[in-house]
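To start, the structure itself, in structure tokens.
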Amino acid sequence: MNKLMSGTLLTAVMLGSLSAMAAELAEDTYDRYVSAEGDISLPEDARASWTHLGSWIVADDKAPGHGFHDVYTQPEAVQGYREAGTFPDGTVLIKEIRGIESGSKTTGHAQWAGDKGVWFVMVKDDKGRFDGPHWGKGWGWALYEAKDPSKNVSKSFAETCQSCHIPAEATGWVFTEGYPTLRK
């Protein structure tokens, strides 16, 4: 009986802790990266302090996502995903797409990330806080170009983002199979 009560208490404490962490994540995100009107800003220097989820290479130079993709999120979002199987409210995902460089190295022909091109930003919104053109399917959506990373150049979620994410609808609109960091 004591083991059952201890396990139940531990589970309750962990769920309470996860709930508190998620609330803090959402508060921080909506204070720092989303204006009161729902405008999303590009978090600065996520490469240095956020968690790298994974990388993709889209080698077809005619494809809309051509380039070397690196994806980042807050460490708390990774913890929340590992514990619950979904991204918590307030998660910010940043996909940085760079050009593809290549050349011969001592190990053979190699490819690596080149110059910055664009950033796609998604902000998890479980509460339906905003109803504007950049909000839909439980996320806020934004696109920034390297020439002016302060300006969201996405026309709208429906016009700029949705068509590429339809294959990921079953996984919360995120291509989670490419993110080994999310696995326990």
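Report yes if F157 is closer than 12 Å to G38 by Cβ, in contact (Cβ under 8 Å) with a residue 12 or more places away in the chain, in contact with a strand residue (DSSP E or B) (Cβ under 8 Å, 6 or more places away or on another chain) and open to solvent by less than 40 Å² (accessible area, probe 1.4 Å), otherwise no.
On the way: closer than 12 Å to G38 by Cβ: yes; in contact (Cβ under 8 Å) with a residue 12 or more places away in the chain: yes; in contact with a strand residue (DSSP E or B) (Cβ under 8 Å, 6 or more places away or on another chain): yes; open to solvent by less than 40 Å² (accessible area, probe 1.4 Å): yes.
So F157 passes the test.
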> Among the residues of the stretch 110-154 satisfying the criterion of being of a type in the set (V, I, T) and open to solvent by less than 30 Å² (accessible area, probe 1.4 Å), which is farthest from V71 (Cα to Cα)?
Replying inline: V123
>> For the stretch 48-65, give me each residue that is over 16 Å from G178 (Cα atoms) and either among the small types (G, A, S) or at pLDDT below 95 (or both).
In response: A48, S49, D60, D61, K62, A63, P64
> Considering the stretch 81-133 alone, what residues qualify as being under 19 Å from the mean Cα position of the chain (by Cα) and basic (K, R)?
Replying inline: R82, K95, R98, K116, K124, K127, R129
> Can you tell me how many residues in the stretch 64-81 are open to solvent by 30 Å² or more (accessible area, probe 1.4 Å) and within 23 Å of K137 (Cβ to Cβ)?
Replying inline: 3
> Name the residues in the stretch 160-184 that are open to solvent by 30 Å² or more (accessible area, probe 1.4 Å), in contact with a Phe, Trp or Tyr (Cβ under 9 Å, 6 or more places away or on another chain) and part of a loop (DSSP other than H, G, I, E, B), would you?
Replying inline: G172, F175
>> It is to be established whether one or more residues within the stretch 82-95 are open to solvent by 30 Å² or more (accessible area, probe 1.4 Å), assigned to a strand (DSSP E or B) and under 21 Å from T29 (Cβ atoms).
In response: yes
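What tally of residues in the stretch 1-43 results from selecting those that are modelled with pLDDT of 90 or more and surrounded by fewer than 14 Cβ atoms within 10 Å (Cβ to Cβ)?
First pass over the stretch 1-43, keeping only residues modelled with pLDDT of 90 or more: 24-43.
Checking which are surrounded by fewer than 14 Cβ atoms within 10 Å (Cβ to Cβ) leaves us with 24, 27, 31-32, 35-37.
Final tally of qualifying residues: 7.
The values are calculated or read from the model by the stated rules, or taken from the named source; none is laboratory data. For clarity, every value in this text was computed on a predicted model and none was experimentally measured. Cβ atoms come from the backbone with ideal geometry, glycine included; neighbour counts cover every protein chain shown. Heavy atoms of the whole protein, side chains included, go into the accessibility calculation; ligands, DNA and RNA do not. Shrake-Rupley method; radii C 1.70, N 1.55, O 1.52, S 1.80 Å.
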